[in-house]
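Worksheet: one structure, shown below.
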DNA sequence: GGGCCGCTCTGCTGTGAGCGGAACGCCGCA
DNA sequence: TGCGGCGTTCCGCTCACAGCAGAGCGGCCC
């Protein structure tokens with residue numbers, strides 16, 4: 001169960017990047033609006049850093065998201081993750097098909 | 001919108017405490033199962049510390065929760081928060097009634 | 001080939017995560 | 001009523017890391 005889930009920072013980071021790209025924005029644009037460095041936003045998106053609560057608020061705010069929007073989206077991502085895990089997905093099967 | 005929401009660490013901490021108490025557990029019990037100090041768990045629950053992703057996983061795991069359970073619960077909490085805010089709740093009105 | 005752009009890498013410093021010992025309040029019992 | 005135990009919080013500490021500035025890398029265009 002919990003062994004198979006991503007860590008919080010990976011889950012969060014992936015969603016933030018997906019949303020930023022969906023908005024057609026560059027790292028520097030979103031970072032500037034959030035008041036953080038582009039380097040740092042890159043790290044957060046790649047799950048390399050643990051953002052503080054204030055940073056989470058600033059970055060999601062810059063993407064026009066409330067914490068509610070964010071947690072709902074993360075729940076969706078985790079559901080998809082569980083569904084994928086339940087489908088007995090095997091990377092080696094894909095490699096052989098390619 | 002985002003101005004009126006709680007910070008992530010407060011949101012998370014409140015839910016973890018509520019769930020622990022709902023399980024009828026003491027700080028020390030849950031902390032031991034999570035492999036953290038009781039002092040630290042107390043701090044996390046009160047939103048005084050920013051737990052790392054591994055700590056979030058350990059504590060929620062100790063409460064029998066997946067990250068999905070957790071994010072769903074947090075979304076519910078935020079919805080309640082927004083509903084309360086939308087009802088034009090006024091602390092001073094309550095104080096006068098008491 | 002050089003400049004520009006977008007993103008990532010590298011190294012740094014001050015801050016805070018996580019914890020051990022102590023303190024506090026509450027409760028039950030002799 | 002004083003004491004011990006329990007549950008939680010306070011306090012101070014150390015070292016890891018959050019957040020960032022400068023540099024590096026690859027791609028694209030003139």
>> How high is the relative contact order of chain A? Use alpha-carbon pairs under 8 Å, at least six apart in sequence, and give a whole percent.
In response: 31 percent
>> Run the label-point distances for residue A:4 please: 7 Å along Cα to Cβ, every other copy, nanometres, shortest first.
In response: 4.0
>> Treating the point 7 Å from Cα along Cα-beta-carbon as the label, what are the nm separations from residue B:83 to the other copies, to one decimal?
In response: 2.6
> For the pair residue A:48 and residue B:23, how long in nm is the line joining their label points, each one 7 Å along Cα→Cβ?
Replying inline: 3.5 nm
>> Based on the alpha-carbon set only, what is the convex hull volume of the range A:1-44 divided per residue, in Å³?
In response: 65 Å³
> What base-10 log of the normalised intensity I(q)/I(0) is obtained for chain A from the Debye formula, alpha carbons as equal point scatterers, at q = 0.24 Å⁻¹?
Replying inline: -1.23
>> Above 27 Å lies some portion of the pair distances; for the protein assembly as shown, what is it as a whole percent of all C-alpha pairs?
In response: 37 percent
> At residue A:48, label 7 Å along Cα→Cβ: distances to the other copies, nm, ascending?
Replying inline: 3.3
>> Can you compute the modelled spin-label distance between residue A:82 and residue B:76, with each label point 7 Å from Cα toward Cβ, in nm?
In response: 1.3 nm
> In deg cm²/dmol, rounded to 500, what helix-only [θ] at 222 nm does chain B give when every DSSP H run of at least 4 residues adds -39500 (n - 2.57) and the total is split over its residues?
Replying inline: -21000 deg cm²/dmol
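None of the figures in this text is laboratory data; all of them are computed from the coordinates on show. On a predicted model such as this, the values are computed, not experimentally measured, just so you know. When we count neighbours, we look across all protein chains shown, and the Cβ atoms used for this are built from the backbone with ideal geometry, even at glycine.
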